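Read through the structure below, which is laid out as structure tokens, and then see the notes.
The values are calculated or read from the model by the stated rules, or taken from the named source; none is laboratory data. Please read these numbers as outputs of a predicted model, since none were measured by experiment. Note that we place each Cβ from the backbone using ideal geometry, even for glycine, and neighbour counts take in every protein chain shown. The accessibility values were calculated without ligands, DNA or RNA, using every heavy atom of the protein model including side chains. Shrake-Rupley method; radii C 1.70, N 1.55, O 1.52, S 1.80 Å.
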Amino acid sequence: MLHISQTVVIPDEEIELSYIRAQGAGGQNVNKVSSAVHLRFDIHASSLPEFYKERLLALKDSRLTKDGVIVIKAQQFRTQEKNREDALLRLQEMIKSVAKVQKARRATKPTKSSQRKRVDTKTQRGKTKSLRGKVQF
């Protein structure tokens, strides 16, 4: 069971885990042990509420396929168990991230005082720079 929030839980049956050999350097161990984890989570077939499904499918993430399947590959650690935990944690964080509703941005104008200060500093800077020229006789 993967807990997303107090009310939302993903059963283990909906998360498909497969174990493969990790890539990269590692000597003899990497060639013998299947320590990397491929996690697949089908959004459409899941028991997540519609709110989560819609937001997950709207994500612009390279881990999300066109079919609506999240694919996470974890191979950072040496042991299969740690990589499994890492993959599940990354899935949990991805789903939690869509639950947060972003605050609507509201356009604001700078105040008269701040505009005046900006122009004053610009003119002051210009005067300082103009005094740096060659001395003329």
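With bins 5 Å wide beginning at 0, the percent of Cα pairs of the chain falling in each bin runs 2, 8, 14, 14, 11, 8, 6, 5, 4, 4, 6, 7, 6, 4, 2, 1, 0, 0.
Taking all protein chains in place and a 1.4 Å probe, what share, in percent, of the accessible surface of the range 1-78 do carbon and sulfur account for? In the range 1-78, the share of accessible area belonging to carbon and sulfur is 48 percent. Would you mind counting up the charge near Val71? Only other residues with Cβ under 9 Å from its Cβ, with Lys and Arg at +1 and Asp and Glu at -1. Summing Lys and Arg as +1 and Asp and Glu as -1 gives +3.
The Cα trace of the range 43-114 gives Rg and Dmax of 18.1, 61 Å, the first to one decimal, the second as a whole number. Would you be so kind as to identify which of Phe41, Thr128, Ser18 lies farthest towards the positive end of the dipole of the chain, taking Lys and Arg as +1 and Asp and Glu as -1 on Cβ and the Cα centre as origin? The listed residue farthest towards the positive side: Thr128. Computed over protein heavy atoms with a 1.4 Å probe, the accessible surface of the range 1-114 works out to 72 Å² per residue. When each of the peptides 111-124, 63-76, 33-46 is scored by the mean number of other C-beta atoms lying within 10 Å of its residues, the order from highest to lowest reads 33-46, 63-76, 111-124. Listed by chain and number, the lysines placed with their C-alpha closer than 18 angstrom to that of Lys112 are Lys122; residues fewer than eight positions away on the same chain are left out.
Our note on the geometry: Cα centres of the range 34-52 and the range 72-137, 32 Å apart. Placing one equal scatterer on every Cα of the range 88-129 and applying the Debye formula, the log10 ratio I(q)/I(0) at q = 0.20, 0.33 Å⁻¹ is -0.74, -1.02.
If the segment from Ser113 to Arg132 were pulled out straight at 0.36 nm per residue, it would be longer than the present Cα-Cα gap by 3.9 nm.
Seen from Ala22, the other residues with C-beta closer than 15 Å to its C-beta sum to a net charge of +4, counting Lys and Arg as +1 and Asp and Glu as -1.
Sequence-ordered 3J(HN,Hα) estimates for the range 46-54 from the Karplus curve with 6.51, -1.76 and 1.60 and θ = phi - 60° stand at 7, 9, 5, x, 4, 4, 5, 4, 4 Hz, glycine and proline given as x.
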